[in-house]
Amino acid sequence: MNYLSSITLIIIFISFFFAFFLFTVKTTNKLSNVFIGCFLIAIATEISVFFYEFYIDTHPVIDVLRDNISFLQSPFLFLYVLSMLYADFKLQYKHLLHSIPFVLITILFFPNLLDHQTIVSYLGGETYEKGIFITAIHIQFLIYIIAIFIILYKAKKIFLENYSQANTDIYKWLFQLNILISIVLGFGIFKNVFRAFSTDIQSLHFTKIIITLLLLGFICWIILKGLYNPKIFRGIDSNLKSVNNLITINESSSTINKIIDESIQKQINLLKTYMLEKHPYLNPTLTIQNLAEQIHIPSRELSVLINHHLNQHFFDFINEYRIHHAMNILKDPSKKQLTILEILYEVGFNSKSSFNTAFKKYANVTPTEYRKRANLI
């Protein structure tokens, strides 16, 4: 019990402290910070019972309200993902619909929980209302997790087709976040199922300790992720469409089969010449809109040109030029004093891991191995 209450107290303190920071820090991602802060507070509030139940006698109604707050966790996470993905996201009245489960559960159950003994039985999981509550929260959790994965899948295509690097970090961050929270909350589902079918109190307390440890690790991971990657909190334009949506249904079969006519070939030659002469890929935050403005081609046409006719995502198209540029530097004897880190920044990358991954994809060796081989020739 001491372990459980101590870990819970640490989680509560860290969650509220970090949420206060998110609410007050000056940033362009204010709304996103509010959502993730509320998400952390909702989690901390729900598990606070692991701490105060051993030291504080509260009114049962307060416990019921605390329990119901868990219906707000998934909506806060969902809205956080939307606000992070789309830079032009705005909170609208329709988003209040996400609070309906919380409101319904509170309104429907409270008239039946006015009697003190009924409330005690409810909190102990001995009533049909509690069974409905647990089932509903599990269903809500699964629906939102699936919805987030669907949104991330659609956003990934837009990232790869329109951004050269920086914004793809957002997708990775949100995907990892959703995976980890799925594991943590999934274990919470296991705990509730175990509680419904087992009377082993010691094992139940053990599962509670595991959940609190997972939550503690999860919250610390969020904080460290933000410290190490402060630039991930940038969004995409929600008006951007995938190339599949840009290509009209009435296109001829010759276009679908990638039989490129003279005008398209001319645009491709213009694009490749510009890439080789002006090196726009050296800009780490290059987007397809930036490149379209530079070569005076509408961004929609350029997106179809690269992602469809060249059969490459914009992300891969730009990185290929960056890698070739890096190769030229690595095999240049006059630049052997440059470190790998200096080279990756020079060619437009902003992290060593992404550079090594991309380099190995195109060269089948690491940058260090490539330099050694080049020097031996």
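Bear in mind that the values in this text are calculations on the coordinates, not laboratory data. Fair warning: this is a prediction, and the values are worked out from it, not measured in the lab. So basically every Cβ, Gly included, is an ideal-geometry build from the backbone, and we count neighbours across all protein chains shown.
Extension gain for L97 to I201 (0.36 nm times residue separation, less C-alpha to C-alpha distance): 33.6 nm.
The modelled label-to-label distance between R300 and K352, using points 7 Å beyond Cα along the C-beta direction, is 4.5 nm. In this structure, the pairs whose alpha-carbon distance is over 27 Å, taken from K30/K361; K30/K172; K154/K361; K266/K352; K331/K360, are K30/K361; K266/K352.
Note on I132 and W221: the model spin-label points, each 7 Å out from Cα along the C-beta direction, lie 3.5 nm apart. In the range 291-353, the ratio of gyration radius to Kirkwood radius, Rg to Rh, stands at 1.10 when only Cα atoms are counted.
Which FRET efficiency, nearest 0.05, do E369 and K272 yield, Cβ-Cβ r, R0 30 Å? Once rounded, the FRET efficiency stands at 0.60. At full extension, K26 and N328 could sit 104.5 nm farther apart than now, given 0.36 nm per residue minus the alpha carbon distance. Between L282 and I209, the modelled labels are 5.9 nm apart [label points 7 Å from Cα along Cα→Cβ].
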